[in-house]
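The values are calculated or read from the model by the stated rules, or taken from the named source; none is laboratory data. Every value quoted in this text rests on a predicted model; they were computed, and no experiment measured them. Here the Cβ is made from the backbone with ideal geometry for all residues, glycine too, and neighbour counts use every protein chain on show. Note: accessible area is taken over every heavy atom of the protein model, side chains too, but ligands, DNA and RNA are not part of it. Shrake-Rupley method; radii C 1.70, N 1.55, O 1.52, S 1.80 Å.
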Amino acid sequence: MSTAEPAPLGGGGERVGDLSEEELLAVITPLLPRAAQAPVGTGDDCAVLSFPDTRTAVSTDVLVEGHHFRTEWSTGRDVGARAAAQNLADAAAMGARPVALVIGLVMPPATPVAWVRDFAEGLAQGCGPCGAGVVGGDLSGGESLVVAVTVLGDLEGRTPVLRSGARPGDLVVHAGTLGRSAAGLALLSAGPQVVAAVERDGSPAQARSCLAAFRAPTPALAAGPALADAGATSMMDVSDGLLRDAGRIARASGVVIDLDDPDDLPDLSFLEPVAALVTDGAAPATRTLARSWLLTGGEDHGMLATVPAAVGHLPADARVIGRVLDPGTPRARALGHRPGVLLGGEPAQEHAGWDHFAGA
Ligand SMILES: [Mg+2]
């Protein structure tokens with residue numbers, strides 16, 4: 001894959017290498033979202049955040065051009081929105097409200113200034129739904145585009161929700177979408193003619209939303225703290241595929257996750273018209289492909305959680321997709337009575353999921 005200079009996305013013009021760091025910051029800073037809980041924001045040696053809760057949820061993610069995104073597939077705005085979304089989802093998946101991002105950005109000198117402006121607007125787009133802001137960061141020249149994002153989240157008095165707390169008898173719930181980002185990636189991989197047809201005709205509408213989900217996912221951020229409030233015993237965001245991430249909860253908790261038949265999930269009928277574009281409509285292949293996106297596609301960043309069976313109230317976008325079993329139960333015989341994931345009563349093929357080290 002090429003790591004050549006990004007295509008000019010803002011009509012050419014100035015390049016990053018033409019500006020001093022101060023000049024570039026003057027372009028970016030007014031576009032960045034502000035954090036309400038930052039008594040000191042950007043412009044000093046450090047920002048200062050104020051959390052009523054004395055505990056802070058912190059996580060970092062890195063996006064590398066050519067590995068996590070391609071400038072010919074994603075605009076600067078998409079990359080900014082995606083970088084924000086995946087980090088905000090990590091904070092939400094702990095039961096925290098995402099408050100602030102810190103951004104490290106490495107750019108080749110030939111990067112158009114318009115790309116960086118787009119990127120800053122994408123950060124604002126990604127932060128919009130939860131009110132988080134960018135409170136600091138660093139800019140550097142380098143060989144290829146690299147985006148490093150750190151998120152800080154306020155637990156607001158909630159107990160942090162870990163992967164290790166699922167208990168036999170709990171329900172497995174998911175909030176958000178499944179498989180759409182993987183479907184969008186498959187459309188982009190299928191070639192520019194497929195994407196151009198979708199974008200020109202606006203149909204099927206599902207394909208457009210899958211392209212958007214890959215380029216700039218919109219995680220169910222509010223569902224994280226809401227599920228924590230509902231008593232979630234374990235939680236994570238689905239970044240590597242439903243089966244693989246369910247397996248992580250299962251092993252961390254020492255339980256079996258028994259998933260419902262995916263044919264019952266609305267995500268499958270949503271994904272089938274998109275799969276038909278890639279398989280030329282051959283019915284069995286279409287259903288198989290849609291199922292694989294749903295079960296193993298990552299990066300929609302929905303919230304996967306376990307909740308007590310007696311849970312009173314679930315967030316509106318959360319639905320029950322399975323149950324937590326004791327590994328000793330007869331139904332878990334197929335797993336050798338070890339922690340893992342059952343799909344249709346059989347051991348799930350977890351490892352078909354997205355592997356960050358295998359490349360985009
Ligand atoms: Mg995560």
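Only Lys, Arg, Asp and Glu count, each charged at its Cβ (+1, +1, -1, -1), so figure out the dipole size of the chain about its Cα centre, rounded to 20 debye.
Charge dipole of the chain: 980 debye, to the nearest 20.
When the accessible area of segment 102-154 is split by element with a 1.4 Å probe, what percent falls to carbon and sulfur?
55
For every helix of n ≥ 4 consecutive DSSP H residues, a contribution of -39,500 (n - 2.57) applies; sum these over the chain, divide by its total residues, and give [θ] at 222 nm rounded to the nearest 500 deg cm²/dmol.
-10500 deg cm²/dmol
For a test of the definition: using alpha carbon positions, the gyration tensor, and the 1.5 limit on a/c, classify the chain as rounded, prolate or oblate.
Oblate is the answer for the chain, as a/c is 1.5 or above yet b/c matches or exceeds a/b.
Average the reciprocal distances over every distinct pair of alpha-carbons in segment 226-285, invert the result, and give the Kirkwood radius in Å.
Mean inverse Cα-Cα distance, inverted, gives 14.1 Å.
Starting at the first residue of segment 143-160, write each ³J(HN,Hα) from the Karplus equation 6.51 cos²θ - 1.76 cosθ + 1.60 with θ = phi - 60°, in whole Hz, x for Gly and Pro.
The phi angles translate into 6, 9, 6, 9, 10, 10, 10, 10, 10, 10, x, 9, 6, 6, x, 6, 6, x Hz.
Mind checking which of Ser140, Thr177, Val198 is farthest towards the positive end of the chain's charge dipole, using Cβ charges of +1 (Lys, Arg) and -1 (Asp, Glu) about the Cα centre?
Of the candidates, Thr177 comes out farthest on the positive side.
What residues have an amide H closer than 5 Å to that of Val99, excluding those fewer than 5 places away on the same chain, when H is modeled at 1.01 Å from N in the peptide plane?
Leu152, Gly153, Asp154
Kindly report the accessible area of the chain per residue (heavy atoms of protein chains, probe 1.4 Å, no ligands, DNA or RNA), in Å². Kindly include the intermediate steps, with their values, before the conclusion.
Working: 14840 Å² over 360 residues.
Spelled out: the 1.4 Å probe surface of the chain, per residue, equals 41 Å².
What whole number of Å gives the distance from the Cα centroid of segment 185-242 to the Cα centroid of segment 13-32?
With segment 13-32 and segment 185-242 each reduced to a Cα centre, they are spaced 31 Å.
In segment 171-353, carbon and sulfur make up what percent of the accessible area (probe 1.4 Å)? Before the final figure, lay out the partial values.
Numbers: 3780 of 7020 Å².
With neighbouring chains kept in place, the figure for segment 171-353 is 54 percent.
Could you work out how far apart the two model spin labels at Glu21 and Asp326 are, taking each label as a point 7 Å from the Cα in the direction of the beta carbon, and quote it in nm?
5.9
Using Cα-Cα distances under 8 Å and only pairs 6 or more residues apart, what relative contact order does segment 171-353 have, in percent?
This gives 39 percent for segment 171-353.
Restricting the count to DSSP beta bridges whose residues both fall in segment 16-154, what percent are antiparallel, rounded to a multiple of 5?
The answer is about 70 percent antiparallel.
Enter the per residue convex hull volume of segment 34-81, computed from alpha-carbon coordinates, in Å³ rounded to the nearest integer.
126
May I ask you to derive the FRET efficiency for Ser50 and Arg251 from their Cβ-Cβ distance with R0 = 41 Å, giving the value to the nearest 0.05?
Computed FRET efficiency for Ser50 and Arg251 comes out at 0.65.
Of all DSSP beta bridges in the chain, what percent run antiparallel (nearest 5)? Working shown, then result.
Details: 40 of 53 bridges.
Percent antiparallel among DSSP bridges in the chain is about 75.
Kindly state, to the nearest 0.05, the FRET efficiency for Ala197 paired with Ala36, given R0 = 35 Å and r defined as their beta-carbon distance.
0.20
What relative contact order, as a whole-number percentage, does the chain give when Cα pairs under 8 Å and 6 or more residues apart are counted?
Reported relative contact order: 21 percent.
Could you give me the percent of Cα pairs per 5 Å distance bin for segment 98-256, shortest bin first, beginning at zero and ending with the bin that holds the maximum distance?
That works out to 2, 7, 12, 14, 16, 17, 14, 10, 5, 2, 0, 0, in percent per bin.
Using Cα pairs closer than 8 Å and at least 6 residues apart in sequence, work out the relative contact order for segment 244-320, in percent.
Relative contact order for segment 244-320 comes out at 24 percent.
Report the far tail of the P(r) of segment 16-154, meaning the percent of Cα-Cα pairs longer than 22 Å.
32
To the nearest 10 degrees, how steeply does helix 192-201 sit against the main Cα axis of the chain, on a 0 to 90 scale?
90
Mind checking the full-extension length gain between Ser189 and Ser164? Use 0.36 nm per residue of separation minus the Cα-Cα distance, one decimal, nm.
Numbers: separation 25, 0.36 × 25 = 9.00 nm, distance 3.60 nm.
Full extension of this stretch gives 5.4 nm more.
Which whole-number value in Å³ per residue fits the convex hull of the alpha carbons of segment 171-353?
It comes to 105 Å³ per residue, whole-number rounded.
Per residue, what volume in Å³ does the Cα convex hull of segment 256-302 take up?
Spread over its residues, the Cα hull of segment 256-302 gives 88 Å³ apiece.
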